[in-house]
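Novice: Below you'll find the structure I mean.
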Amino acid sequence: MTIEEKFQELNGIGEGAYMPHIYYGDPSEEFSLRQVETLVESGADMIEFGIPFSDPTADGPAFQEACERALKKGVTPERCIRGLEELRAGGVEVPIVVTTYYNIPYVYGIRDFLEKLEEAGVQGIIVPNLTIEEAEDFLKVSRKTGIDLIFQITPNTTVGRMERIVESASGFIYIVNFEGVTGVRGAVADSTKNLIGEVKTLTELPLMAGFGVSKREHAASLVSAGADGVITGSALGEIYMKNLENPEGTLPEIGDFASGIKRGCREGYSSRD
């Protein structure tokens, strides 16, 4: 199923989309596989599958630590691709969006990297440190492979850059909930809701809001304001990080968290004007 088809399905039944972000291999590859399965069983509509990187500049402390642990365990891009293949072989059917810093596909070879992802069953890719001004080559290859290249729009993105982004992007637009790095926050800022409204005037692509989403109320508020769904990240990491010796023991709590966020996505959609 493509990302576009997933949004069409959700719009047809009146639901916002939920996409949790995990970094593969933290604290083990086996746990990551079980975590993704739990998230999908608990209502996740898509999965954001992070490839660990040594300098994740867009991520806060929780995900920086996650990357460090995974790298120390020997997790490589090749092992991540095998993990993707294993998820598909195990029956995970929802769209998967890979997040990677540009350094990895650049060293790997952009064409080879995207072709490997396509073969592994990936539908989209987010490259946080790839700007729209430098994305032409990446866009050409992503279009040939059918993988959506997803861009972020932040509160300080100029209108001119927004227009350029929405002209090139596919899949969805990632709306950043605040300036800075990933991490849990207390509330959804009014500026984020205003940004959602502004971007909606520029494109018909779905909008997914992330960075700091950690409560059902956050999801409901963002979807009610016009977002087509939400993304969570650090809040999930903070659950299993409480028990790194036995992370599998936190899977029920992770499932409850995901169910709550998905419930907020439904509530927000039903409360739209």
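The values are calculated or read from the model by the stated rules, or taken from the named source; none is laboratory data. What you see is a predicted model, and the numbers here were worked out from it, not measured in a lab. Every residue, glycine as well, gets a Cβ built from its backbone with ideal geometry; the counts of neighbours run over all protein chains shown. These accessible areas exclude ligands, DNA and RNA; they are computed on the full protein's heavy atoms, side chains included. Shrake-Rupley method; radii C 1.70, N 1.55, O 1.52, S 1.80 Å.
Novice: Among the residues of the stretch 31-40, are any surrounded by fewer than 23 Cβ atoms within 10 Å (Cβ to Cβ) and free of Cβ contacts under 8 Å to residues at least 40 places away in the same chain?
Specialist: No.
Novice: Restricting to the stretch 218-232, count the residues that are open to solvent by 10 Å² or more (accessible area, probe 1.4 Å) and touching a residue at least 60 places away in the same chain (Cβ under 8 Å).
Specialist: 1
Novice: Specify the residue that is most open to solvent (accessible area, probe 1.4 Å); the eligible residues are those in the stretch 233-251 that are part of a helix (DSSP H, G or I) and among the charged types (D, E, K, R). Steps first, answer last, please.
Specialist: Step one: list which residues in the stretch 233-251 are part of a helix (DSSP H, G or I), which gives 234-243, 247-251.
Now narrow it down to the ones that are among the charged types (D, E, K, R): 238, 242, 248.
Values: Glu238: 89, Lys242: 140, Glu248: 60 Å².
Only one residue tops the list, namely Lys242.
Novice: Pick from the stretch 146-168 the residues that are touching a residue at least 12 places away in the same chain (Cβ under 8 Å) and assigned to a loop (DSSP other than H, G, I, E, B): which of them is surrounded by the fewest Cβ atoms within 10 Å (Cβ to Cβ)?
Specialist: That would be Asn156.
Novice: Hey, does the stretch 189-202 have a residue that's open to solvent by 10 Å² or more (accessible area, probe 1.4 Å), under 16 Å from the mean Cα position of the chain (by Cα) and within 25 Å of Glu267 (Cβ to Cβ)?
Specialist: no
Novice: Still on this structure, I have one more. Residue check: is Asp59 closer than 20 Å to Ala258 by Cα, in a loop (DSSP other than H, G, I, E, B) and of a type in the set (D, E, K, R)?
Specialist: In short, no.
Novice: May I ask you to verify whether Gly264 is over 20 Å from Pro61 (Cα atoms), assigned to a helix (DSSP H, G or I) and not β-branched (Val, Ile, Thr)?
Specialist: When the stated conditions are applied, Gly264 passes them.
Novice: Which one of Pro56, Pro52, Pro27, Pro61 is more than 27 Å from Ser224 (Cα to Cα), modelled with pLDDT under 95 and open to solvent by less than 60 Å² (accessible area, probe 1.4 Å)?
Specialist: Details: Pro52 fails: modelled with pLDDT under 95; Pro27 fails: modelled with pLDDT under 95; Pro61 fails: open to solvent by less than 60 Å² (accessible area, probe 1.4 Å).
Step by step, each of Pro56, Pro52, Pro27, Pro61 is checked, and only Pro56 is more than 27 Å from Ser224 (Cα to Cα), modelled with pLDDT under 95 and open to solvent by less than 60 Å² (accessible area, probe 1.4 Å).
Novice: Further, regarding this structure: Any idea how many residues of the stretch 64-85 are open to solvent by 20 Å² or more (accessible area, probe 1.4 Å) and in a loop (DSSP other than H, G, I, E, B)?
Specialist: Result for the stretch 64-85: 3.
Novice: Among the candidates Phe178, Phe138, Phe113, Phe172, single out the residue that is at pLDDT 95 or above, closer than 22 Å to Ala219 by Cα and not β-branched (Val, Ile, Thr).
Specialist: Numbers: Phe178 fails: at pLDDT 95 or above; Phe138 fails: closer than 22 Å to Ala219 by Cα; Phe113 fails: closer than 22 Å to Ala219 by Cα.
Just one listed residue meets the conditions, Phe172.
Novice: Now for a separate question. Which residues, counting only those in the stretch 6-30, are of a type in the set (A, V, I, L, M) and either touching a residue at least 60 places away in the same chain (Cβ under 8 Å) or farther than 18 Å from Arg272 by Cα (or both)?
Specialist: Initially, the stretch 6-30 is screened for residues of a type in the set (A, V, I, L, M), giving 10, 13, 17, 19, 22.
Hits for the stretch 6-30 are Leu10, Ala17, Met19, Ile22.
Novice: Test Val213 against the stated conditions and say whether it is open to solvent by less than 20 Å² (accessible area, probe 1.4 Å), at pLDDT 95 or above and not charged (D, E, K, R).
Specialist: No.
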